[in-house]
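A quick write-up on the structure given underneath.
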Amino acid sequence: MRIRSIKVYQMLLPVKGGAYRMASDTVQNLDSTLVEVTTEDGLSGWGETCPIGPVYQPQHALGARAAIAEIAPGLIGENTASMRRLAKRMDERLNGHNYAKAALDIALLDLAGQRLGVPVSTLLGGALTDRVPSYYSTTVGAPDETARIAADKVNAGYPRLQIKIGGRDLEQDVATVHKVWEAVGFRARIAVDANRGLTAAAALHIDRLCQAIPFVFEQPCNTMEEVAGLKGRVTHPIYLDESTEDLNAVLRAVSSGIADGFGLKVTRLGGLTKMATVRDLCAIRSLPHSCDDAWGGDVIAAACVHLAATVEPRRFEGAWIAQEYIEGHTDPANPIVIENGHIRVPQIPGLGVKPERSQLNAPIATF
Ligand code: 0XW
Ligand code: MG
């Protein structure tokens, strides 16, 4: 079946509580881009890409839409039968810009799933579970308050926490990690995420001052080289997130042993097809990883959850979705929801979610 049209929608997602603070940036209102790919028989597939502001990583909302405008005209009239051909077509239209291609990749898989009558998880190799763990990510905050939230979230069923640090005094970061550990102990696995915000020296101090606390240290420094320099000097396992800019970066990190695991973002890597490759690369070296995205509504949440269901559970670090930080759902009929810190995997064909028309503004572009 051939592609008849591609529509692009913009949706603003204000942060519940006003702001989400990370070492690198504080965000208040995220700008999401949704794509609707429709074939000649009227079937539609949906994709989404929503960078968490323009500073967290090089991707930004206007960039996504400019890139989609370069790519989309080249997909009109193409047959949807071959995902590989469509990926090649995207690369022929635009070099790089994985996070924009990701929205289209997700929409094409949604279409394929609906056409074949199977959930997207089946197209990704098949689900190993029908319910995946999530994790709660705090914002950079006062130590006592962060520890209180951490305990609440563990009581609510989250099996894992990601504690944000960085961009402030070392003393505050160290106190936060200690207080969270005192509050939750072994009841949750803990990641400490500095979002590129520490110098190597600060990372070494935090490692030493929190020596006995079993956390994984996520993206402590800005570059993969700085993080590589910590190897052998820190005692905590190191995970990479922002440094996983593309498949080659992941391959480099895996083959050189820089990372003990990853916080992975579906759109940064180019969509679900590329994430499935990374999943399999990580499996070769028994490396744990998450399946997240930076932000977004039900469409991107569904994409993360379908891939999450295909990851070997013992290596799975959770699917983070933005639900805790946004009001409402793009698909109130079949929302992706966190219950007791876990998310049910949609069982209906395709992604299993469709944005409700009444919530969408008119398309900002049609190809
Ligand atoms: C916790 N996240 C998945 C949400 C924000 O996009 C930051 C991100 C991370 O792990 O850095
Ligand atoms: Mg991270």
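Tally up the residues in segment 147-167 that are within 16 Å of ligand 2 (Cβ to nearest atom) and either polar (S, T, N, Q) or assigned to a strand (DSSP E or B) (or both), please.
Here the count works out to 5.
When residue 198 is evaluated against the numbered criteria (1) more than 16 Å from ligand 1 (Cβ to nearest atom); (2) closer than 22 Å to residue 26 by Cβ, which criterion, by number, is the only one it fails?
Of everything listed in (1) more than 16 Å from ligand 1 (Cβ to nearest atom); (2) closer than 22 Å to residue 26 by Cβ, residue 198 misses just condition (1).
How many of the residues making up segment 10-38 are buried (at least 20 other Cβ atoms within 10 Å of the Cβ), farther than 17 Å from residue 162 by Cβ and more than 17 Å from the chain's Cα centre (by Cα)?
Residues that pass the stated criteria total 3.
I'm trying to understand the selection: among the residues of segment 278-319, which are away from ligand 1 (no atom under 14 Å from the Cβ) and hydroxyl-bearing (Ser, Thr, Tyr)?
Correct list: 286, 310.
Going residue by residue through segment 49-59, is there one that turns out to be assigned to a strand (DSSP E or B), under 19 Å from residue 363 (Cα atoms) and modelled with pLDDT of 95 or more?
We begin by selecting, within segment 49-59, every residue assigned to a strand (DSSP E or B); these are 49.
Narrowing further to those that are under 19 Å from residue 363 (Cα atoms): 49.
Next, only the ones that are modelled with pLDDT of 95 or more stay: 49.
Looking through segment 49-59, at least one residue is assigned to a strand (DSSP E or B), under 19 Å from residue 363 (Cα atoms) and modelled with pLDDT of 95 or more.
In segment 204-238, what residues are closer than 23 Å to residue 281 by Cβ and assigned to a strand (DSSP E or B)?
Answer for segment 204-238, where residues must be closer than 23 Å to residue 281 by Cβ and assigned to a strand (DSSP E or B): 216, 217, 218, 238.
Which of the residues spanning segment 239-273 are over 18 Å from the mean Cα position of the chain (by Cα), within 16 Å of ligand 2 (Cβ to nearest atom) and either aromatic (Phe, Trp, Tyr) or outside any loop (DSSP other than H, G, I, E, B) (or both)?
Correct list: 253 only.
Would you mind stating whether residue 331 is closer than 22 Å to residue 261 by Cβ and among the charged types (D, E, K, R)?
Details: closer than 22 Å to residue 261 by Cβ: no; among the charged types (D, E, K, R): yes.
No, not satisfied.
Can you pull out every residue in segment 200-229 that is within 16 Å of ligand 2 (Cβ to nearest atom) and of a type in the set (A, V, I, L, M)?
Within segment 200-229, the first condition is being within 16 Å of ligand 2 (Cβ to nearest atom), and the residues that meet it are 203, 206, 215-224, 226-227.
Correct list: 203, 206, 216, 224, 227.
Whether any residue in segment 58-70 is more than 16 Å from ligand 1 (Cβ to nearest atom), surrounded by 23 or more Cβ atoms within 10 Å (Cβ to Cβ) and over 30 Å from residue 156 (Cα atoms) is what I want to check.
Here is the first cut: in segment 58-70, the residues more than 16 Å from ligand 1 (Cβ to nearest atom) are 62-63, 65-70.
From what is left, the residues that are surrounded by 23 or more Cβ atoms within 10 Å (Cβ to Cβ) are 67-68.
Subset that is over 30 Å from residue 156 (Cα atoms): 67-68.
Looking through segment 58-70, at least one residue is more than 16 Å from ligand 1 (Cβ to nearest atom), surrounded by 23 or more Cβ atoms within 10 Å (Cβ to Cβ) and over 30 Å from residue 156 (Cα atoms).
Considering each of 132, 140 in turn, give the residue that is within 21 Å of the chain's Cα centre (by Cα), within 16 Å of ligand 2 (Cβ to nearest atom), in contact (Cβ under 8 Å) with a residue 60 or more places away in the chain and not in a helix (DSSP H, G or I).
On the way: 132 fails: within 16 Å of ligand 2 (Cβ to nearest atom).
From the options 132, 140, the qualifying one is 140.
Sort through 113, 125, 77 and tell me the only one that's surrounded by 14 or more Cβ atoms within 10 Å (Cβ to Cβ), at positive phi and either among the hydrophobic types (A, V, I, L, M, F, W, C) or touching a residue at least 12 places away in the same chain (Cβ under 8 Å) (or both).
Values: 113 fails: at positive phi; 77 fails: surrounded by 14 or more Cβ atoms within 10 Å (Cβ to Cβ).
125 is the lone residue from the list that is surrounded by 14 or more Cβ atoms within 10 Å (Cβ to Cβ), at positive phi and either among the hydrophobic types (A, V, I, L, M, F, W, C) or touching a residue at least 12 places away in the same chain (Cβ under 8 Å) (or both).
Scan segment 91-114 and tell me whether some residue there is farther than 29 Å from residue 310 by Cβ, out of contact with any Ser or Thr (no Cβ under 8 Å at 6 or more places or on another chain) and among the aliphatic types (A, V, I, L, M).
No, the conditions are met nowhere in segment 91-114.
Quick one: which residue in 333, 303, 294 is outside any helix (DSSP H, G or I), crowded, with 21+ Cβ neighbours inside 10 Å and at pLDDT 95 or above?
So the residue among 333, 303, 294 that is outside any helix (DSSP H, G or I), crowded, with 21+ Cβ neighbours inside 10 Å and at pLDDT 95 or above is 294.
Spot the failing condition for residue 193; the list is (1) free of Cβ contacts under 8 Å to residues at least 24 places away in the same chain; (2) within 16 Å of ligand 2 (Cβ to nearest atom), and only one is missed.
Every listed condition holds for residue 193 apart from (1).
Please enumerate the residues belonging to segment 89-129 that are of a type outside the set (S, T, N, Q) and in a loop (DSSP other than H, G, I, E, B). Break it down stepwise before answering.
First pass over segment 89-129, keeping only residues of a type outside the set (S, T, N, Q): 89-94, 96-97, 99-113, 115-120, 123-128.
94, 96, 97, 117, 118, 124, 125, 126, 127, 128, listed by residue number.
The values are calculated or read from the model by the stated rules, or taken from the named source; none is laboratory data. Computed from a predicted structure; not experimentally measured. So basically every Cβ, Gly included, is an ideal-geometry build from the backbone, and we count neighbours across all protein chains shown.
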